[in-house]
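Beneath this line is the structure, given in structure tokens, with notes to follow.
Each value in this text was obtained by applying a stated rule to the coordinates, not by laboratory testing. Keep in mind that this is a model prediction, so the values were computed, not measured. A quick note on method: Cβ atoms are made from the backbone with ideal geometry, for glycine too, and the neighbour counts reach across all protein chains shown.
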Amino acid sequence: MKILFVASEAYPLVKTGGLGDVLYSLPHALHDRGADIRLVLPGYRALLRQLEQVRILGWLDVRGDAGMVTARILEARHPDFAFPLWLVDCPPLFDRVGNPYVDATGQDWPDNAERFTVFSRVAALLAQDALDLGWQPRVVHTHDWQTGLVAAFLAEQPVRPKTVFTIHNLAYGGHFSHSDFVRLQLPSQWWSPEGAEFHGGFSMLKAGIVYADAITTVSPTYAQEICTPEFGYGLDGLLLSRQYKLHGILNGIDTQIWNPSTDPLLPAHYSMSRIQPGKRRNKQALLERFMPRADDDAMQAPLLGLVGRLVEQKGIDWVLAALPVLLAETDARIVLLGSGQAAYEQKLARLARQHPDRLFVEIGYDESLAHLIEAGADLFLMPSRFEPCGLNQMYSLRYGTPPVVFKTGGLADTVVDADETTLADATATGFVFGSSGVETFLEAIHRGLDLYRQPSKWRRLQQSGMSRSFDWNESAGHYLSLYSI
């Protein structure tokens, strides 16, 4: 089966979040099952600099903001990818320094409407073999708002491949103005409540929902949640009417990259049958990254970890409210890695300066440190208000680091709360709180800290989490079934 993936990022070439991880792992899982894959990405400057084997496939002219825009289509091979990459090389739109979506100040690039309309137009042409390459997909699988218009453009064609649109996070809708719609000369029939129009502007994500043959989200629970006003961002009615084509398929993780028994970023390896020596060595290395020496007291005290974006969605305000209580009432130490809203970054940094031997904060992202936190922490904090799927909780389970999570989205689908029943039957994997707020979050943490003091029960909890399978094999099978309908 020929499958064309279209996305705005893919690890390790360009990544801002979980989307990039999925666009590496899912196509490879399908490739391993015999699918013939191509992955289309924008030709960002930083991405192109990482490629060596590149050839020109041709040029395509499409409508931009102020006239026709020429995109050079490159095919590249990269050692981390088992299939060819197709790059949309359009320097005025993609040859710039920085984040794919925002500038150095954190503001959206002002020409994002043009950038991702041009990208979608080109991808739709490639899906129709506009360059006469002799390769035409049976399925075009697009991801998030940046590619939402691909299915809409293809829907205009009398003969076309099947289109699948995956919503990784409904909170980011790709909203633009009516004037953008007019300047880009998008089809007039899209401008209606049944099309891409949304509250006087237009939404690229809504276009994907309306025009794709199938819609997927990244967990079964999130597929239900987005059909409600609480999680629907104004699109719940539309999604409810499209439930016949809406599917929740849980993301997997790359179990080769995230494997505590082989992870090259860890100072010590370990497995489910022999957890403690490796976990202890990693905990020591993690503490000594921030302390002169990890003495016996530090090693015995629980270490809580967090890796994530410092934004309200991730419950960082709950974390900030919980930290003074934990620092005052427990002997726990906490290490946090992430970046996000400046106010949260500043508050965390200030609190860390006040408690230099208890709270360790690193602003930014460091892949090695992220792996070390997963391996060296005793508990992992992930109190997201909503979480379409989440990956870190699955990494944590695989690394024997029970997570503390809010019961939402993919967190609800992957973490089993440790209570008397689940501990007795060895199905417990973490600590889940069901009502939002810092009080219930703290209660779940305290339950974790209490169990941490009971070594035999704690070890069984770790082993239960490590025994769960979160590889992409099952999810890839669900996608192949969906493609074949």
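Once the Kirkwood radius over Cα pairs is known for the chain, the Stokes-Einstein relation at 37 °C and 0.692 mPa s delivers a diffusion coefficient of 140 µm²/s. Taking 7 Å steps out from each Cα toward its Cβ at Q128 and N259 produces label points 4.4 nm apart. Given the C-alpha centroids of the stretch 358-418 and the stretch 464-485, what is the distance between them in whole angstrom? Cα centroid of the stretch 358-418 versus Cα centroid of the stretch 464-485: 21 Å apart. Summarising the strand pairing of the stretch 38-174, around 65 percent of its internal DSSP beta bridges are antiparallel.
Here the residues E374, E443, ranked from fewest to most Cβ neighbours within 10 Å of their Cβ, fall in the order E443, E374. Mean sequence separation of contacting Cα pairs (under 8 Å, at least six apart), scaled by the length of the stretch 276-467, corresponds to a relative contact order of 20 percent.
Beta bridges from DSSP with both residues in the chain: antiparallel share about 35 percent, rounded to the nearest 5. Listed by Cβ neighbour count within 10 Å, with the fewest neighbours leading, Y233, Y244, Y222 appear as Y244, Y233, Y222.
Straight-line cross-link partners of K283 among the lysines, defined as a Cα under 28 Å from its Cα and at least 8 positions apart when in the same chain: K15, K314, K347, K407, K457. Dipole magnitude for the stretch 1-152: about 260 debye, using +1 per Lys or Arg Cβ and -1 per Asp or Glu Cβ, origin at the Cα centre. Considering only Cα atoms, the convex hull volume of the stretch 276-467 works out to 106 Å³ per residue. Residue exposure proxy: H478, H175, ordered by other Cβ atoms within 10 angstrom of their Cβ from fewest to most, comes out as H478, H175.
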